[in-house]
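The values are calculated or read from the model by the stated rules, or taken from the named source; none is laboratory data. As the structure is a prediction and not an experimental result, all values here were calculated from the model. Using ideal geometry, Cβ is built from the backbone for each residue, glycine included, and neighbour counts are taken over all protein chains shown.
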Amino acid sequence: MHAYETLTPDVILDALGALGLVLDGRLSALSSYENRVYLAMLDNGEGVVAKFYRPGRWSIEQIKEEHAFALELKQEEIPVVAPIEFNGATVHSTHELGIAGEVNFLFSVSPKKGGRAPELDDVEVISWLGRYLARIHSVGERTEFVGRERVDVQTMGTESQKLLMGLECIPAQFRDRWLQVCDIALEKVGHEMQEPYQYLRLHGDCHPGNILWTPLEMVDGGPHFVDLDDARMGPAVQDLWMLQSGDRRERGFQLSVLLDGYTSMREFDTRELKLIEPLRTLRLIHYSAWLAKRADDPSFVINFPWFWSPDYWQTQIDTLNDQIEAMDDPPLMV
């Protein structure tokens, strides 16, 4: 039995009640696969978001580092949705709270925040995001994470490649071809990332789905950054490159506006622009490994039925070949 099959509504409600929250019994699952996330309604009509962490992924110390970073950003009035403290703690344990069950779940509670993904073709929106990312990075460079992962070839690339080959999840007819093209891609990534770039604490997974945008005319309008689950050490551009979409011209324009906002608050090392395609390549390989490690999750077949298919792995080979070519192209200029 997978751990999440033991995470019943009773366990969730009992855990939240043990923190002193007065619930009205309404509980809704939110869109999340890595962790299990729920909207729980309180007796006063407000809601909180409870995140039950995937067992075995992060240690309690790593989660505490993520939370400390979020609270540090909140202290600087940066719009990050940070966990709520209960009795001085932000990470809670079902077993320590006296909740019976075979699995000890670590979980946190955050305030409910509405919004939608930002419009990346809106100049004002992109500029706002650039300014706030600069502020996040100014806080991020104050110190380093001790236990959280890094954005590097070894962690996201080589280890992911070894895991995929070891689990034998790649169909036999694609294994040698995928390994060959992956080796070439990682060699190029390693070459581009060997310079001594500044590493700082990052959001780590700053794509539009992790930013909630509300209209500027509203009270507290603008962006709210959510889900620092992948917070890690890395170069600043890691938090910028996922906020571009479209063809090369469109991405260049979006990046230019983003950096206009960013550099109004903080300097940016333009050498990092050549890291965009290597970082995209690492994310591609890492994502396949991320999926492979979660194949025993009961909802895997529902969410990712295509993972074992020949079409998926042929696409991965084709995309890696495209990335090898992209890494040879000149970087986006701003």
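Structure notes:
- Unmet criterion (only one of (1) of a type in the set (V, I, T); (2) surrounded by fewer than 20 Cβ atoms within 10 Å (Cβ to Cβ); (3) in contact with a Leu (Cβ under 7 Å, 6 or more places away or on another chain)) for V226: (2)
- Residues (among the polar types (S, T, N, Q) and either in a loop (DSSP other than H, G, I, E, B) or over 25 Å from S256 (Cβ atoms) (or both)) located in the stretch 280-334: S288, S299, N303, S309, Q314, T315, Q316, T319, N321
- Yes/no for E267 being free of Cβ contacts under 8 Å to residues at least 60 places away in the same chain and of a type in the set (D, E): yes
- Checked against the criterion of being of a type in the set (F, W, Y) and either modelled with pLDDT under 95 or in contact with a strand residue (DSSP E or B) (Cβ under 7 Å, 6 or more places away or on another chain) (or both), the stretch 145-154 contains one or more residues that satisfy it.
- Which numbered condition I302 fails, given (1) buried (at least 16 other Cβ atoms within 10 Å of the Cβ); (2) among the β-branched types (V, I, T); (3) without any contact (Cβ under 8 Å) to a residue 24 or more places away in the chain: (1)
- Filtered by the rule that a residue be out of contact with any Lys or Arg (no Cβ under 7 Å at 6 or more places or on another chain) and among the aromatic types (F, W, Y), the stretch 39-95 gives Y53, W58, F86.
- Selection of the stretch 1-45 for residues being among the β-branched types (V, I, T) and either under 18 Å from V103 (Cα atoms) or in contact with a helix residue (DSSP H, G or I) (Cβ under 6 Å, 6 or more places away or on another chain) (or both) yields T6, T8, V11, I12, V37.
- Given (1) of a type outside the set (S, T, Y); (2) under 18 Å from the mean Cα position of the chain (by Cα); (3) part of a loop (DSSP other than H, G, I, E, B); (4) surrounded by fewer than 20 Cβ atoms within 10 Å (Cβ to Cβ), number of the condition P83 does not satisfy: (4)
- Contact annotation: residue pairs with Cβ atoms under 7 Å, 6 or more positions apart or on different chains, pairing a residue in the stretch 181-194 that is assigned by TED's automatic domain parsing to the domain that holds L282 with a partner that is loosely packed, with under 15 Cβ neighbours inside 10 Å and in a helix (DSSP H, G or I), are V181/N321.
- Of all the criteria given as (1) acidic (D, E); (2) in a loop (DSSP other than H, G, I, E, B); (3) over 30 Å from E187 (Cα atoms), the one not satisfied by E124 is (2).
- The set of residues in the stretch 245-278 being under 17 Å from D329 (Cβ atoms) and buried (at least 19 other Cβ atoms within 10 Å of the Cβ) consists of L255, E272, L273, L275, I276, E277, P278.
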